[in-house]
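Beneath this line is the structure, given in structure tokens, with notes to follow.
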Protein chains: 4
Amino acid sequence: MLEKLKQEVYEANMQLPKLDLVTFTWGNVSGIDREKGLFVIKPSGVDYDKLKPEDMVVVNLKGEVVEGEMNPSSDTPTHTVLYNEFPEIGGIVHTHSPWAVSFAAAEIDVPALSTTHADTFYGDVPVTPALTKEEIEGGYEENTGKVIVKTFKERKIDPEAVPAVLVSQHGPFAWGKTPDKAVYNAKVLEVASEIDYHALQMTRRNIEVPQYLLDKHYYRKHGKNAYYGQENAKSKEHAARK
Amino acid sequence: MLEKLKQEVYEANMQLPKLDLVTFTWGNVSGIDREKGLFVIKPSGVDYDKLKPEDMVVVNLKGEVVEGEMNPSSDTPTHTVLYNEFPEIGGIVHTHSPWAVSFAAAEIDVPALSTTHADTFYGDVPVTPALTKEEIEGGYEENTGKVIVKTFKERKIDPEAVPAVLVSQHGPFAWGKTPDKAVYNAKVLEVASEIDYHALQMTRRNIEVPQYLLDKHYYRKHGKNAYYGQENAKSKEHAARK
Amino acid sequence: MLEKLKQEVYEANMQLPKLDLVTFTWGNVSGIDREKGLFVIKPSGVDYDKLKPEDMVVVNLKGEVVEGEMNPSSDTPTHTVLYNEFPEIGGIVHTHSPWAVSFAAAEIDVPALSTTHADTFYGDVPVTPALTKEEIEGGYEENTGKVIVKTFKERKIDPEAVPAVLVSQHGPFAWGKTPDKAVYNAKVLEVASEIDYHALQMTRRNIEVPQYLLDKHYYRKHGKNAYYGQENAKSKEHAARK
Amino acid sequence: MLEKLKQEVYEANMQLPKLDLVTFTWGNVSGIDREKGLFVIKPSGVDYDKLKPEDMVVVNLKGEVVEGEMNPSSDTPTHTVLYNEFPEIGGIVHTHSPWAVSFAAAEIDVPALSTTHADTFYGDVPVTPALTKEEIEGGYEENTGKVIVKTFKERKIDPEAVPAVLVSQHGPFAWGKTPDKAVYNAKVLEVASEIDYHALQMTRRNIEVPQYLLDKHYYRKHGKNAYYGQENAKSKEHAARK
């Protein structure tokens with residue numbers, strides 16, 4: 001069942017240690033088949049060097065295991081909420097990458113301070129409010145998903161334009177059109193956090209990039225006028241125009 | 001004698017360079033056979049790339065060498081005290097991993113600022129008081145063990161729930177049910193220290209995680225209601241419930 | 001066409017991941033044949049582990065693609081301006097290396113605080129002013145080149161003596177006699193930024209190196225009296241004199 | 001000539017990239033044959049991956065090249081002064097390792113804040129005063145050696161007990177009984193600098209280790225009562241005593 005998606009999710013999971021985004025087993029990637037309404041996720045607590053494509057667990061959009069011998073990631077309910085609430089996303093990743101976790105621990109948004117950030121995130125990556133005692137004690141992982149969704153709604157942030165979040169005192173979740181794109185976004189968040197930490201220590205001025213620089217860099221890589229890379233229709237034109 | 005334990009202790013020692021926890025020979029792991037009352041420890045000052053399982057030294061709970069050609073780790077008396085005073089532990093590790101040593105040098109507890117910490121340590125990892133002149137000049141390594149034990153008693157910290165300590169101006173010791181678990185805990189301490197350093201530099205607010213978040217994350221992975229990983233009875237139930 | 005230069009530019013591009021200067025595809029190197037008035041540049045958005053010498057794109061000094069199946073780097077117009085305005089340079093590199101980007105995000109020059117810097121850069125590496133809304137919205141990459149040139153002219157900095165710049169809120173460009181030298185200079189900038197960050201956090205005193213130390217170190221490695229390395233005529237003399 | 005020493009010096013040089021102590025060619029190791037009054041040093045500016053044992057250059061204690069096709073390290077006159085003035089040392093190393101250089105740039109001693117430092121350095125590692133204009137413009141490398149020697153004399157520091165120094169605004173030199181020990185000491189200095197930087201950022205209290213902890217750790221590893229490792233006579237006794 002969903003062999004191709006399992007392979008894809010497996011490969012995206014294996015990118016995490018390669019990109020220095022995980023210690024031990026502290027990360028998980030999932031990917032969804034929107035037509036079937038099923039998603040595939042890493043099993044809980046399995047070492048990356050022992051992980052196999054067939055270990056991936058199939059889960060439906062109620063969060064119930066549909067296929068798989070192993071227990072799915074303990075964060076499965078968070079993924080379930082996000083797939084239900086963010087219908088345009090195809091993959092989700094959670095890590096404890098240390099730069100992003102530092103911002104989550106300090107409860108500070110990762111601000112848009114440079115084009116490295118703006119190329120991927122159309123604005124600050126938000127930190128959620130802390131979960132309440134009640135949200136933590138009952139249905140914790142599901143409520144983690146809900147507080148993410150609430151944060152994006154209340155702050156009027158488009159989850160396609162800013163495909164990542166920091167859960168307060170916990171760590172980053174990122175997503176994208178595919179599991180591979182989600183992992184890419186998680187890495188960008190880690191690098192942007194590292195850059196921001198050092199920039200913020202050096203200066204206390206308001207150093208957010210202006211809106212027009214955010215527009216320029218984000219739309220160089222996204223949308224119908226994108227011209228970065230080999231797939232974008234405008235690339236040739238851009239090269240020729242200059 | 002104790003061939004299986006020697007192999008286990010050897011492998012745990014070899015994890016130290018792999019996990020970036022040691023420079024040169026600055027680390028040692030031991031493991032105990034509680035029935036026989038004997039523990040096995042790395043020889044003193046031997047390079048990791050020359051270390052062999054048969055080099056491990058066997059020591060009794062008085063700290064006397066029972067078997068082995070080589071001198072045991074100079075920290076053997078510290079291990080002896082900890083095995084005697086913390087009867088539930090099965091393995092001990094000492095390193096000079098730089099993030100944890102920075103907190104030891106600054107004489108600051110590693111505070112519980114995020115779930116990365118709470119997943120393993122049920123509260124702050126304490127730093128001991130400095131040893132006195134007398135404690136250092138006579139029986140230094142034994143007194144290092146004693147000050148660790150005293151710190152846990154006086155601050156009413158359960159060494160099973162917080163399986164690590166910083167010795168003031170020196171560095172971390174960690175322990176666990178097995179040598180392998182002890183090394184795992186030493187790595188978590190290093191990562192938690194790195195995260196905490198950066199979070200503390202960014203914010204001066206009280207950012208300790210609340211008790212209920214500490215409870216949630218610690219007991220997701222520990223005790224009879226744990227549901228993280230493949231071994232815990234509650235895992236399936238957790239997955240199904242969601 | 002230009003097979004030797006393509007190979008050289010390819011090899012210089014492949015140095016970027018090896019020297020830890022790029023994440024994903026965020027970097028590009030070009031090299032110029034001054035006689036033919038053509039330069040060779042990395043294609044846009046291609047992974048380093050899939051890059052081949054024959055993928056390099058040939059561009060003329062108007063910025064028009066002369067040969068190549070792929071789209072050239074989206075930063076091609078910046079390279080074009082620099083080759084036109086800095087006639088003595090033979091190679092250019094752009095990266096998002098995180099220490100240098102931190103200074104660009106904070107809009108702080110990388111100051112000449114040590115001989116590591118002075119060996120390569122004859123003075124502070126400047127950060128450009130921020131581009132205006134108009135400069136960003138029309139001909140952004142070309143204007144990036146223009147603001148670099150303007151910065152060097154207005155601050156009376158010789159681009160041969162200080163072969164690198166930080167574009168405000170964006171990141172570093174470096175150049176040199178050859179593509180290989182440009183990459184070397186980009187790495188020096190990254191290391192100097194790392195050193196400077198830590199030195200600046202420890203002290204707030206004016207710690208710029210004096211002019212005579214800058215002279216000594218820069219001219220040990222550059223110009224007719226250089227005596228570092230195996231190629232400089234003065235090396236033997238220096239060794240003998242001592 | 002001196003084939004064994006050349007091999008030893010070559011191997012010590014090759015440790016530098018392995019221990020992450022050099023970028024490009026920015027480091028050099030030498031070793032001396034005290035009976036013959038000749039030392040062997042890395043050639044200037046040669047890449048580590050192209051270096052061969054036979055490339056090593058033989059120099060006498062006047063700093064004159066006695067054998068070797070290549071130019072010796074441009075820092076040869078510094079090594080010459082140190083060998084003449086510190087008769088007990090057998091090897092010298094110079095690097096631009098970034099943590100130590102940060103302290104040199106900030107002109108701050110690397111203080112003895114932890115046992116990691118005290119195990120190797122019997123007190124703070126001093127930074128020299130800045131060289132004067134005259135010292136830099138005439139015989140710079142020789143004067144670098146002289147300012148090191150003067151620093152140790154004026155501050156009454158024993159170069160055997162504190163086998164390293166930071167040259168102001170430049171970087172570290174370290175030494176030892178052998179070239180291999182010199183490199184070891186250079187690595188300890190780098191790690192101690194990293195630890196100290198973070199400890200100093202976290203606390204502004206006087207956190208120097210007390211004299212008796214310095215004594216304990218330094219003499220655990222040095223002198224007739226040393227008991228660390230396999231070679232020290234007291235090791236067995238220490239193990240037995242406990």
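Coordinate-derived values only; no laboratory data. The model shown is predicted, which means the values in this text are computed figures rather than measured ones. Neighbour counts are summed over all protein chains in view; Cβ atoms, including those assigned to glycine, are modelled from backbone coordinates with ideal geometry.
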Relative to the longest principal axis of the C-alpha atoms of chain D, give the angle of the C-alpha long axis of helix D:76-85, reported between 0 and 90° and rounded to the nearest 10°.
60 degrees
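Let me know the mean shielding of A:221-227 by other chains, meaning the per-residue number of their Cβ atoms within 10 Å of its Cβ.
Working: counts 2, 0, 0, 0, 0, 1, 4.
Shielding by partners across A:221-227 averages 1.
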With charges only on Cβ, +1 for K and R and -1 for D and E, what is the dipole size of region D:3-209 about its Cα centre, in debye, rounded to 20?
320 debye
For C:H222, inter-copy label-point distances (7 Å, Cα→Cβ), nm, shortest first, read 4.1, 4.1, 5.8
Tell me, what HN-Hα J-couplings in whole Hz come from the Karplus equation 6.51 cos²θ - 1.76 cosθ + 1.60 at θ = phi - 60° for each residue of region C:29-41, using x for Gly and Pro?
10, 10, x, 10, 9, 5, 5, 7, x, 10, 10, 10, 9
Toward the positive end of the charge dipole of region C:3-224, about the Cα centre and with charges on Cβ (Lys, Arg +1; Asp, Glu -1), which of C:P163, C:P43, C:A106 goes farthest?
C:P163
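Under unit Cβ charges (Lys, Arg +1; Asp, Glu -1), what dipole magnitude, rounded to 20 debye, does region D:78-158 have relative to its Cα centre? Please list the in-between numbers first.
Details: 6 positive and 13 negative charges, 20 e Å.
It comes to approximately 100 debye.
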FRET efficiency for C:E85 and A:D109, Cβ-Cβ distance as r, R0 = 56 Å, nearest 0.05?
0.90
Can you tell which of C:T23, C:T178, C:T80 shows the greatest fluctuation in a Gaussian network model of chain C with Cα springs below 10 Å?
C:T23
Each residue of region B:219-230 in order: what ³J(HN,Hα) in whole Hz does its phi give by Karplus 6.51 cos²θ - 1.76 cosθ + 1.60, θ = phi - 60°, with x for Gly and Pro?
7, 5, 10, 10, x, 6, 9, 4, 9, 8, x, 9
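Restricting to DSSP H runs of at least four residues, report the calculated mean residue ellipticity at 222 nm for chain C, -39500 (n - 2.57) per run over all residues, nearest 500 deg cm²/dmol.
Mean residue ellipticity, 222 nm, calculated: -13000 deg cm²/dmol.
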Using a Cα distance threshold of under 28 Å, what count of lysine pairs results for region C:132-218 when pairs must be 8 or more residues apart or interchain?
23
How far is it, in nm, from the label point at C:K4 to the one at B:Q7 when both lie 7 Å from their Cα along the line to the Cβ?
6.0 nm
Estimated FRET transfer efficiency (B:N206, B:D158; beta-carbon r; R0 22 Å; 0.05)
0.40
Assume the label is 7 Å from Cα along Cα to beta carbon: what separations in nm does B:K62 have to the matching positions in the other copies?
6.7, 6.7, 9.5
Helix B:3-18 vs. chain B, principal-axis angle (Cα, 0 to 90°, nearest 10)
60 degrees
Residues of B:168-174, mean number of Cβ from any other protein chain within 10 Å of their own Cβ, rounded to a whole number?
4
5 angstrom amide H check on B:H170, placed H, neighbours 5+ away:
D:T115
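I need A:W99, C:W26, B:W175 ordered by Cβ neighbour count within 10 Å, fewest first. Numbers along the way, then the final one.
Details: A:W99 23, C:W26 20, B:W175 28.
Result, fewest neighbours first: C:W26, A:W99, B:W175.
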Once Lys and Arg get +1 and Asp and Glu get -1 on their Cβ, which of C:V209, C:T151, C:P172 lies farthest toward the positive end of the dipole of region C:3-224?
C:V209
If you count, for every residue in B:187-200, the Cβ atoms of partner chains within 10 Å of its Cβ, what is the mean?
5
What does the highest-first list of C:192-199, B:14-21, B:54-61 look like by mean Cβ count within 10 Å?
C:192-199, B:54-61, B:14-21
Rough spin-label spacing in nm, given labels placed 7 Å along Cα→Cβ, for D:E137 and B:Y219
7.6 nm
Looking down the axis that turns D into B, which residue of D has the closest beta carbon, and how many Å out?
D:Q201, 5
Karplus ³J(HN,Hα) for region A:104-113 (6.51 cos²θ - 1.76 cosθ + 1.60, θ = phi - 60°; Hz, whole; x = Gly/Pro) runs 4, 5, 7, 6, 10, 4, 7, x, 7, 9
homo-copy label distances at D:K50 (7 angstrom along Cα-Cβ), nm, one dp, ascending, are 3.4, 3.4, 4.8
When we measure straight from the Cα of D:K62, which aspartates and glutamates land under 20 angstrom away, once same-chain ones fewer than 8 places off are left out?
C:E237, D:D33, D:E35, D:D75, D:E85, D:E88, D:E135, D:E141, D:E142
Given H placed 1.01 Å from N in the peptide plane, which residues other than close sequence neighbours of B:L38 have an amide H under 5 Å from its amide H?
B:D33
Candidates A:T116, A:T203, A:T25; GNM for chain A (alpha-carbon contacts under 10 Å) flags as most fluctuating A:T203
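Assuming R0 = 30 Å, can you tell me the calculated FRET efficiency for the pair B:E64 and D:K177, based on Cβ-Cβ distance, to the nearest 0.05? Don't skip to the answer; put the middle values down first.
Working: r = 33 Å, r/R0 = 1.12.
Once rounded, the FRET efficiency stands at 0.35.
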The long-range amide H neighbours of A:V162, using H built 1.01 Å from N in the peptide plane and a cut-off of under 5 Å, are A:Y122
Give, rounded to the nearest 20 debye, the magnitude of the charge dipole that the protein assembly as shown has about its Cα centre when Lys and Arg contribute +1 at Cβ and Asp and Glu contribute -1 at Cβ.
740 debye
